[in-house]
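Q: Can you keep this structure in mind? I'll have questions shortly.
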Amino acid sequence: MSIICAQNISFRYTNKLVMDDVSFTFDDARIVAVIGPNGSGKTTLLKILNATLFPNTGRILIEGRDTRRLARQEIARTVAIVPQESPAIFSFFAEEIVLMGRFPHFSSWAFEDRKDYRIAHEAMDKTDSLSFAHCRFNELSAGERQRVLIARALAQEPKILLLDESTVFLDLKHQAQFLSLLRQLNREQHLTVIFVTHDVNLAAQNADQILLLYNGKKYAIGTPAEILTPQNIQEVYDVDVWVDQHPHDGSPRVTLRT
Amino acid sequence: MTLSRVLQISALLLLLFVLLSLAALSLGAIHISFADVVGAIAGWLSGKASASEEELILFSVRLPRILFAGIVGASLSLGGVVFQALLRNPLADPYVLGISGGSALGAIIGIVIGASSFYLGVPFLAFSGALITVFLVFIVAGGSKGVLLDNSLLLAGVVVNSFFSAAILFALSIVNSMELHSISFWLMGDLSRVALKGIAVAALCLMVCFVILYTQARKLNLMVQGEETALQLGVNVQATKYILLIVTSLITAVAVSLAGIIGFVGIMVPHMMRLVFGSDHRLLMPAAALFGASFLVVADTLARTVLAPAELPVGVITALCGAPYFIFLMRRKGRE
């Protein structure tokens, strides 16, 4: 079953067309990477997928339903996003930030109950952030904040998780931990993961499917082996690369020719 | 955050307000001892009111004024909490943003054109003035895109404020109406001139507005994370924003049309409460309202007593401690 279906979506910011007649479907419980050069529309696409922006023409179906017809809380119960950074003007504890992920599940004025705390703590445990639950969010390091934001997204108990360059602030250990967590959630809870990245090898090793965007258009969609060819990369990124096979899992491995 | 924590802290702050109010009852041009105050209240509660001069001062002069100070303090602090959250700026409040000024101008225009002969005519115009200013400030500061730069916001407030001050002075110099009271009432605030009916209106308005704002408290926690984040977490941002702006303008307008412009309460009180209790609005709102009430009672008691029997406008006291506090906050913010 397809969990997300984009039908001819276009989007323009005042007079710049950033998304030009893009169509695709993502199957349920897949890990999808969205790649493309700067300005190719990756972030805009994420915003359209979680209904922060609505396409000017065309439509996005989530589980077969048009995002325009869904209530905000309903969308937030289905789609969660881990942003690159979150401004911290007023100080909240890390735990409070994660508990905010429970908002779509309850009436808007209520207090969190035991179940909310349990889910929030489990999410923090998974992202290795439980140890600073009672630290102030704005006093944490960028990587620690990132883990808290991932925990918040998990606390939403979404079916679709969107990641916007979410590994950039993480050190190697937490990157590995996070990627294996994603695969585990994908396997066990059938979470669909859609991540935007500049790291083509990260995409190659972790994604079932890659969507390659170029100038706001869908350039290609397919398996890593289909998409990450020297010809495609030359065409879209304008660089020469070698592509060989990863010695461990046989996924394509991209190396710059310099 | 749990309900019991909110109730416990609210109860403590309510107790603080009651104790400070009792102290304020005994202080004034004529000193009435604390024991006499308590005795008089006990007598009044048991229905044995004596018509002594002391009791007349206590119940007809000081008590209404203290209650009024509490209501105005709570209203302004609540306004500060909401504006700071909506604009994600700890320096925002109804006074700095010029909303108090707009509201005062609305009230004065109302009195000049004779709106006071209509029921709620003047408060309505004060409310309109506040609302127009809110949208004006948002437009001037580039709020249509949701991105509000700190500097542009404060500058917009300064400009709007000086314009309204000039307009108020102009209006007061061309008319000579008994109803316009003194200039200091409008520019520095004064709690001594209100009638019982005004206090009742303000109290009712505060209670209704508080309930409405409190239902939005959890959404406000998400809104201060950024409007986009709030949207992604399931908040209907536009609708929430309009409800909050309208309700907050209303409490500001009622407070200003009855008490004049009292500055800085809406900055100092929310900031102190955030330092002590954190930023969760489910606790911050009642805490700021109750502490704001205590704060203005103390400020007004100072205003009545430091030069007794002469009185200062209460806005002089709040500005004297508020302006340095504002600069302290601004410098701290600049360093961060």
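Q: Is it the case that some residue within region B:49-70 is under 21 Å from B:Leu244 (Cβ atoms) and at pLDDT 90 or above?
A: Within region B:49-70 (the criterion being under 21 Å from B:Leu244 (Cβ atoms) and at pLDDT 90 or above), the answer is no, since none of the residues qualifies.
Q: State whether the residues of region B:322-336 include one that is surrounded by fewer than 24 Cβ atoms within 10 Å (Cβ to Cβ) and assigned to a loop (DSSP other than H, G, I, E, B). Give the derivation first.
A: Of all residues in region B:322-336, those surrounded by fewer than 24 Cβ atoms within 10 Å (Cβ to Cβ) come to B:322-336.
Still in the list and also assigned to a loop (DSSP other than H, G, I, E, B): B:336.
Checked region B:322-336: at least one residue is surrounded by fewer than 24 Cβ atoms within 10 Å (Cβ to Cβ) and assigned to a loop (DSSP other than H, G, I, E, B).
Q: I need the full set of residues from region B:196-222 which are within 11 Å of another protein chain (Cβ to nearest Cβ), surrounded by fewer than 22 Cβ atoms within 10 Å (Cβ to Cβ) and of a type in the set (A, V, I, L, M, F, W, C), in order please.
A: B:Val211, B:Ile212 - these are the residues of region B:196-222 that are within 11 Å of another protein chain (Cβ to nearest Cβ), surrounded by fewer than 22 Cβ atoms within 10 Å (Cβ to Cβ) and of a type in the set (A, V, I, L, M, F, W, C).
Q: Of all residues in region A:74-131 being touching a helix residue (DSSP H, G or I) at 6+ places or on another chain (Cβ under 8 Å) and of a type in the set (Lys, Arg), which is surrounded by the most Cβ atoms within 10 Å (Cβ to Cβ)?
A: A:Arg102
Q: Could you tell me whether any residue of region A:155-169 is polar (S, T, N, Q), buried (at least 24 other Cβ atoms within 10 Å of the Cβ) and at pLDDT below 90?
A: The answer is yes; a qualifying residue exists.
Q: Among the residues of region B:3-20, are any polar (S, T, N, Q), away from chain A (no Cβ under 14 Å) and without any contact (Cβ under 8 Å) to a residue 24 or more places away in the chain?
A: no
Q: Return the residue satisfying two criteria in turn: it lies in region A:83-119 and is β-branched (Val, Ile, Thr) and farther than 16 Å from B:Gln232 by Cβ, and of such residues it is nearest to the other protein chains (Cβ to nearest Cβ).
A: Within region A:83-119, the match that is nearest to the other protein chains (Cβ to nearest Cβ) is A:Ile89.
Q: Still on this structure, I have one more. Filtering region B:216-227 down to residues that are assigned to a helix (DSSP H, G or I) and free of Cβ contacts under 8 Å to residues at least 24 places away in the same chain, which residue is nearest to A:Glu95 (Cα to Cα)?
A: Applying the first criterion (assigned to a helix (DSSP H, G or I)) to region B:216-227 yields B:217-223, B:227.
Then keep just the ones that are free of Cβ contacts under 8 Å to residues at least 24 places away in the same chain; that gives B:219, B:222.
Working: B:Lys219: 17, B:Leu222: 14 Å.
Selected residue: B:Leu222.
Q: Hey, another quick one. Counting only residues that are assigned to a loop (DSSP other than H, G, I, E, B) and facing another protein chain (nearest Cβ under 9 Å), how many does region A:64-82 have?
A: Number of matching residues: 1.
Q: For B:Gln225, all conditions in the list (1) within 13 Å of chain A (Cβ to nearest Cβ); (2) surrounded by fewer than 24 Cβ atoms within 10 Å (Cβ to Cβ) hold save one; what is the number of the exception?
A: (2)
Q: Examine region B:44-57 for a residue that is in a helix (DSSP H, G or I), within 17 Å of B:Thr318 (Cβ to Cβ) and hydrophobic (A, V, I, L, M, F, W, C), and state whether such a residue exists. Quick ask: steps written out before the conclusion?
A: Restricting attention to region B:44-57, the residues satisfying the condition of being in a helix (DSSP H, G or I) are B:44-45, B:53-57.
Now narrow it down to the ones that are within 17 Å of B:Thr318 (Cβ to Cβ): none.
No, region B:44-57 has no match at all.
Q: Take A:Val98 and tell me if it is within 18 Å of the chain's Cα centre (by Cα), β-branched (Val, Ile, Thr), in a helix (DSSP H, G or I) and under 26 Å from A:Ser180 (Cα atoms).
A: Yes, satisfied.
Q: While we're on this one: Given (1) within 10 Å of chain A (Cβ to nearest Cβ); (2) surrounded by 20 or more Cβ atoms within 10 Å (Cβ to Cβ), identify the lone condition not met by B:Gly292.
A: B:Gly292 satisfies all of (1) within 10 Å of chain A (Cβ to nearest Cβ); (2) surrounded by 20 or more Cβ atoms within 10 Å (Cβ to Cβ) except (1).
Q: Related question: Just give me the residues in region B:251-276 being part of a helix (DSSP H, G or I) and closer than 14 Å to B:Phe326 by Cβ, in sequence order.
A: B:Val265, B:Gly266, B:Ile267, B:Met268, B:Val269, B:Pro270, B:His271, B:Met272
Q: What number of residues within region B:228-238 are of a type outside the set (S, T, N, Q), facing chain A (nearest Cβ under 7 Å) and in a helix (DSSP H, G or I)?
A: Summing the residues that are of a type outside the set (S, T, N, Q), facing chain A (nearest Cβ under 7 Å) and in a helix (DSSP H, G or I) in region B:228-238 gives 2.
Q: Continuing with the same structure: Taking the options B:Ala255, B:Ala303, name whichever one is under 15 Å from the mean Cα position of the chain (by Cα) and away from chain A (no Cβ under 14 Å). Working first, answer last.
A: On the way: B:Ala303 fails: under 15 Å from the mean Cα position of the chain (by Cα).
B:Ala255 is the lone residue from the list that is under 15 Å from the mean Cα position of the chain (by Cα) and away from chain A (no Cβ under 14 Å).
Q: Output the residues belonging to region A:39-57 that are away from chain B (no Cβ under 14 Å) and on the phi > 0 side of the Ramachandran plot.
A: A:Gly39, A:Gly41
Q: When A:Arg118 is evaluated against the numbered criteria (1) touching a Pro at 6+ places or on another chain (Cβ under 9 Å); (2) free of Cβ contacts under 8 Å to residues at least 12 places away in the same chain, which criterion, by number, is the only one it fails?
A: That leaves (1) as the condition not met.
Q: Contact list please: Cβ distance under 6 Å, first residue in region B:261-281 and within 11 Å of another protein chain (Cβ to nearest Cβ) and buried (at least 22 other Cβ atoms within 10 Å of the Cβ), second residue aliphatic (A, V, I, L, M) and assigned to a helix (DSSP H, G or I), pairs at least six apart or on different chains.
A: What qualifies is B:Pro270/B:Val81; B:Pro270/B:Ala288; B:His281/B:Ala217; B:His281/B:Leu220.
Q: Taking A:Ala176, is it of a type in the set (A, V, I, L, M) and buried (at least 19 other Cβ atoms within 10 Å of the Cβ)?
A: Criteria not met by A:Ala176.
The values are calculated or read from the model by the stated rules, or taken from the named source; none is laboratory data. Please read these numbers as outputs of a predicted model, since none were measured by experiment. Cβ: placed from backbone, ideal geometry, glycine included. Neighbour counts: every protein chain shown.
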